[in-house]
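Let me begin by presenting the structure, written as structure tokens, before commenting on it.
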Amino acid sequence: MTSNGPIVSIVGTGSYLPERILTNADLEKMVETSDEWITTRTGIRSRHIAAAHEATSDLAAEASRRALAAAGLTAEAVDLIVVATVTPDMPFPSTACFVQDKIGAKNAFCFDLEAACSGFLYALDVGYRYLVSGGARTALIIGGEKLSSVTDWQDRTTCVLFGDGAGAVVLQLRDSGRGIIGSVAGSDGTLADLLNIPGGGSRHPSSQETIEQRLHFMKMQGNEVFKHAVRCMCDAANKVLSRNNLKTDDVAWVIPHQANLRIIQAISTRLGIGLDRFCVNLDKVGNMSGASVPVALDEAVRAGRIKKGDLVLFVAFGGGFTWGASVMEWDHGQ
Ligand code: ACO
């Protein structure tokens, strides 16, 4: 889509990371791995892990409060809440409804969206479309995950990668500026087997057997996923730029999904956008699936890196497979 009518902007960002930090040294005591393997293969040094009493909606609600405060809005102003997550509090009600209750957004309608690590960008696009069509005026778009609840802590090939957290943005219509310029999305369901949680759904409902087979944990063929991630994110980034008559030189900042530093380096090389223009925080937070992009965005905004007028490119890839890219002009200060 291309915006040549109503202007939709991000008017506030917020994020929340749980207090507990799990380092690579901690993981060395849990599985057969090493800080050296994890840092050289992934770039990750530590990640945050939610407390037992914290669910995804708790993380998402705190990120939302911070985003609303940054926007100077109360929760009553929100009329749409979308939570992108693969780790909802429960199969239903939606995590978005729990967030609504926690923050007191009594005027909002709420639903979850599942597109794995691309979920936040899909949700941002959905929010954009509600606003331009007049279906909502103020939307809270959230990526929140408690991946520690679906991580197999006995599987060294996955447990070193993931972390918990949430990020939120407030979307509103504006009178001037450019805001969200365009977005693209894609999916390939033929590759679903490479990255999934097989158990606990209607295919393999939870049972003694699914638990014994550890089917309720994330499974990933990492090296296969790696290749597709690089290709799909580069294609999506190039497509969203060319469709909107933009060049890579126009991009001030790239906010990529934070799965692996080597993936980000490969994208940087292929796109011809220097790594110094990528906002990277995976060393401290790991892969937070749908929360990765909005948390990295919030950190960059609060650090004063992203300035009014900067062109920001978002790009993500995840299970499904799913991928997406969005481009916007940053048009407010915090
Ligand atoms: N510590 C030590 N050794 C390990 C570990 C570990 N934690 N994990 C795997 N190894 C070993 C493997 O057993 C293998 O050993 P072998 O050669 O004796 O068989 C060796 O290291 C290499 O394994 P690979 O899987 O080939 O390692 P690779 O370099 O591909 O790195 C990784 C693995 C980090 C998972 C990488 O493939 C990756 O980042 N993939 C993409 C992840 C991604 O983008 N996911 C998408 C989003 S996630 C989502 O949607 C929820």
Practice item. Could you list all residues from the range 154-198 that are away from the ligand (no atom under 12 Å from the Cβ), open to solvent by 10 Å² or more (accessible area, probe 1.4 Å), part of a loop (DSSP other than H, G, I, E, B) and modelled with pLDDT of 95 or more? Key: Asp188, Pro198
Practice item. Just one of (1) surrounded by 17 or more Cβ atoms within 10 Å (Cβ to Cβ); (2) at positive phi trips up Gly134, so point out which. Key: (1)
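Out of Phe120, Phe111, report the one residue that is under 19 Å from the mean Cα position of the chain (by Cα) and more than 22 Å from Val240 (Cα to Cα).
Values: Phe120 fails: more than 22 Å from Val240 (Cα to Cα).
Selected residue: Phe111, the only one of Phe120, Phe111 that is under 19 Å from the mean Cα position of the chain (by Cα) and more than 22 Å from Val240 (Cα to Cα).
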Review point. Taking the range 7-29, which residues are touching a Lys or Arg at 6+ places or on another chain (Cβ under 9 Å), closer than 18 Å to Ala296 by Cβ and open to solvent by less than 10 Å² (accessible area, probe 1.4 Å)?
Key: Gly12, Thr13, Gly14, Pro18
Practice item. Specify the residue that is most open to solvent (accessible area, probe 1.4 Å); the eligible residues are those in the range 257-268 that are under 17 Å from Glu145 (Cα atoms) and either more than 10 Å from the ligand (Cβ to nearest atom) or in contact (Cβ under 8 Å) with a residue 60 or more places away in the chain (or both). Key: Ala259
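Results for (1) within 16 Å of the ligand (Cβ to nearest atom); (2) under 26 Å from Ile49 (Cα atoms), shown as yes or no for each residue.
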| site | (1), (2) |
| --- | --- |
| Asp89 | no, yes |
| Lys106 | no, no |
| Phe111 | no, yes |
| Cys117 | yes, yes |
| Arg129 | no, no |
| Arg137 | no, no |
| Ile141 | no, yes |
| Gly144 | yes, yes |
| Thr151 | yes, yes |
Study note, to complete from the structure: Over the range 199-231, the set of residues more than 10 Å from the ligand (Cβ to nearest atom), open to solvent by less than 70 Å² (accessible area, probe 1.4 Å) and in a helix (DSSP H, G or I) is Thr210
Review point. What is the one condition in (1) within 16 Å of the ligand (Cβ to nearest atom); (2) open to solvent by less than 60 Å² (accessible area, probe 1.4 Å); (3) touching a residue at least 60 places away in the same chain (Cβ under 8 Å) that Leu246 does not satisfy?
Key: (1)
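Could you list, in sequence order, the residues of the range 1-29 that are part of a strand (DSSP E or B) and without any contact (Cβ under 8 Å) to a residue 24 or more places away in the chain?
Taking the range 1-29 as the starting set, the residues that turn out to be part of a strand (DSSP E or B) are 2, 7-16, 20-23.
Listed by number, the list holds a single entry, Thr23.
Within the range 229-250, how many residues turn out to be in contact with a strand residue (DSSP E or B) (Cβ under 7 Å, 6 or more places away or on another chain) and within 25 Å of Thr42 (Cα to Cα)? Please lay out each step first, then the result.
Here is the first cut: in the range 229-250, the ones in contact with a strand residue (DSSP E or B) (Cβ under 7 Å, 6 or more places away or on another chain) are 229, 232-233, 236-237, 239-241, 243-244, 246, 250.
Next, only the ones that are within 25 Å of Thr42 (Cα to Cα) stay: 229, 232-233, 236-237.
So the answer is 5.
Go over the candidates His204, His216 one by one and state the one that is within 30 Å of Cys97 (Cβ to Cβ) and free of Cβ contacts under 8 Å to residues at least 12 places away in the same chain. Before you say what the answer is, go through the steps one by one.
Numbers: His216 fails: free of Cβ contacts under 8 Å to residues at least 12 places away in the same chain.
His204 is the lone residue from the list that is within 30 Å of Cys97 (Cβ to Cβ) and free of Cβ contacts under 8 Å to residues at least 12 places away in the same chain.
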Review point. Would the range 220-229 turn up any residue that is out of contact with any Leu (no Cβ under 8 Å at 6 or more places or on another chain) and acidic (Asp, Glu)?
Key: no
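From Leu313, Leu297, which residue is open to solvent by less than 10 Å² (accessible area, probe 1.4 Å), aliphatic (A, V, I, L, M) and in contact with a Ser or Thr (Cβ under 7 Å, 6 or more places away or on another chain)?
Numbers: Leu313 fails: in contact with a Ser or Thr (Cβ under 7 Å, 6 or more places away or on another chain).
Going through Leu313, Leu297 in turn, just one is open to solvent by less than 10 Å² (accessible area, probe 1.4 Å), aliphatic (A, V, I, L, M) and in contact with a Ser or Thr (Cβ under 7 Å, 6 or more places away or on another chain): Leu297.
The values are calculated or read from the model by the stated rules, or taken from the named source; none is laboratory data. It should be emphasised that the depicted structure is a prediction, and the values quoted were computed from it without experimental measurement. No Cβ is skipped: glycine too gets one built from the backbone with ideal geometry, and neighbour counts run over all protein chains shown. Heavy atoms of the whole protein, side chains included, go into the accessibility calculation; ligands, DNA and RNA do not. Shrake-Rupley method; radii C 1.70, N 1.55, O 1.52, S 1.80 Å.
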